[in-house]
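Report on the structure given below.
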Amino acid sequence: MKREDFVPDKYKHMANMDIPLPIGHGATISQPSFVEQMCNLLQVDSNSKVLDIGTGSGYQAALLAERCKEVVTIERVYELYIEAKERLERLGYSNIKVIYGDGSKGYKKEAPYDGIIVAATTDGITKEWKEQLKEGGRIIYPEYREGHEVLVEGIKKGNDIIKIDHGYVKFVPLIREEENEEYA
């Protein structure tokens, strides 16, 4: 899989650089080293089902699809949803289901998930994500904290999520249907 397949034509010459690139509609394709780090932290295997929140160009979903049995990816921006759905189909990814909707709500219809990965910064883990994550499953996401964004690995243990910080990052904000989110 080549990153250049997931970036707009005018940025293809920069596709191999370890930087985020604009993909339109205020969104970016994350820098490859962050995507790789997040996918590794998820600790999934060929039997895993993963929820990917913030499809964007489909790059992260494609990387996950090469590691997992099934990827459900959800995008809030309709134009990005259409572009990613067509791109992933054209590239032959049959184990990715692309959904148009509010990622902050997760996707209950396919739950539970072995892992959840979020490609946009949020204030914390929504109650829906916590409910849709399997026991022992991991959620990887960037969290706003005291004016910074921190990459967080959360591991579900009973009714709790044990959080491990993995340094500062910079992502676009999660687009929500409602601003009155409830966090677990």
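The values are calculated or read from the model by the stated rules, or taken from the named source; none is laboratory data. This one's a predicted model, so the numbers in the text were calculated from it and none came from an experiment. A quick note on method: Cβ atoms are made from the backbone with ideal geometry, for glycine too, and the neighbour counts reach across all protein chains shown.
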Does A84 count as at pLDDT below 95 and within 14 Å of the chain's Cα centre (by Cα)? no
Please specify each residue of the stretch 68-89 satisfying the condition of being over 19 Å from H25 (Cα atoms) and of a type in the set (D, E, K, R). K69, E70, E89
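One line per residue, one yes/no per condition, for (1) on the phi > 0 side of the Ramachandran plot; (2) assigned to a strand (DSSP E or B):
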site	(1), (2)
K109	no, no
I117	no, yes
E131	no, no
K134	no, yes
G137	no, yes
I140	no, yes
V152	no, yes
G167	yes, yes
Inside the stretch 149-184, the number of residues satisfying the requirement of being crowded, with 18+ Cβ neighbours inside 10 Å, modelled with pLDDT of 85 or more and hydrophobic (A, V, I, L, M, F, W, C) is 4
